[in-house]
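Asker: One structure coming up, written as structure tokens, with questions to follow.
All of the numbers you see were taken from the coordinates with simple rules; none came from a lab. Since we're looking at a predicted model, the values are computed, not measured. In this analysis, Cβ positions are derived from the backbone assuming ideal geometry, glycine residues included, and neighbour counts consider all displayed protein chains.
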């Protein structure tokens, strides 16, 4: 069950940043919303290990880089 938490910590924050960037069309607001969501969950005590929090933070950075590389927050006008 511990492996499940680490795998979710690698994927969910990055996907959350990408989805929020697509919805809000702003990568900075997407990162801020993701930090708020995960910060509240850390404050409420849903995380049992410091490593999961570290992997979450790293995944948020990776999500930001994915938004930068693929320009998810840009609007294509045709």
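Asker: Relative contact order for the chain: what is it in percent, counting Cα pairs under 8 Å that are at least 6 residues apart?
Answerer: 45 percent
Asker: Roughly what would the spin-label model give for residue 26 and residue 53, points 7 Å off Cα along C-beta, in nm?
Answerer: Inter-label distance under the simple model: 2.8 nm.
Asker: Which entry in (i) 3, 17, 30, 25, 17, 6, 1, 0; (ii) 3, 18, 26, 22, 15, 9, 5, 2, 1, 0; (iii) 3, 14, 23, 18, 13, 10, 8, 4, 3, 2, 1, 0 matches P(r) over Cα pairs in 5 Å bins from 0, in percent derived from the coordinates of this structure?
Answerer: Read-out from the structure maps to (ii).
Asker: With each run of n ≥ 4 DSSP H residues scored as -39500 (n - 2.57), what mean residue ellipticity at 222 nm is computed for the chain after dividing by its residue count and rounding to the nearest 500 deg cm²/dmol? All intermediate terms of the calculation are to be shown ahead of the outcome.
Answerer: Details: 3 runs with 61 residues, N = 78.
Computed mean residue ellipticity for the chain: -27000 deg cm²/dmol.
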